[in-house]
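The values are calculated or read from the model by the stated rules, or taken from the named source; none is laboratory data. These numbers were taken from a predicted model, which means no experiment stands behind them. Backbone-built Cβ (ideal geometry, glycine too); neighbour counts: all protein chains shown. Please note that ligands, DNA and RNA were not included when accessible areas were found on the heavy atoms of the full protein model with its side chains. Shrake-Rupley method; radii C 1.70, N 1.55, O 1.52, S 1.80 Å.
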Amino acid sequence: MNMINLNDKTFISLVNSENGEINHKTSFYYKQKDHTIWAEYEGGDIVKGTLLGKITNEHEFEFCYQHLSKDGNIKAGHCKTTVSILESGKIKLSENWQWFTGDQSKGYSELVEI
């Protein structure tokens, strides 16, 4: 399998569902070792967040995430992500996620490598 390489990549949000909390001011700083991925994120309405997950195949990965938002709430959820490569060569992440906390609603986000 051709391994996705997310190590030392930074992403920002292009699209997010209304029930999501990240926006174009939120930056994600990814690390990767073998099939394990993790990241820290912050900015916009997010004070600090972390995620931890695994690569499931050459175009997908999944992770759990948690963050503290500026309104003082701690939120957490699960996400399944599909990876694609843009014409520019940058990575695009298409994410289907669901909150573990609050209303446990589902959503969709797109992030792009900067």
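Inside region 8-24, can you point out the residues that are open to solvent by 30 Å² or more (accessible area, probe 1.4 Å) and either in a strand (DSSP E or B) or touching a Lys or Arg at 6+ places or on another chain (Cβ under 6 Å) (or both)?
T10, I12, L14, V15, N16
Could you identify the single residue in S94, S69 that is farther than 19 Å from K31 by Cβ, open to solvent by less than 10 Å² (accessible area, probe 1.4 Å), touching a residue at least 12 places away in the same chain (Cβ under 8 Å) and not charged (D, E, K, R)?
On inspection, the qualifying residue turns out to be S69.
Can you work out which of the residues in region 72-91 that are among the basic types (K, R) and under 15 Å from the mean Cα position of the chain (by Cα) is surrounded by the most Cβ atoms within 10 Å (Cβ to Cβ)?
Out of the qualifying residues, it is K75.
Go through region 28-42 and give me each residue that's touching a Ser or Thr at 6+ places or on another chain (Cβ under 9 Å) and either open to solvent by 20 Å² or more (accessible area, probe 1.4 Å) or not small (G, A, S) (or both).
Matches in region 28-42: F28, Y29, Y30, H35, W38, E40, Y41, E42.
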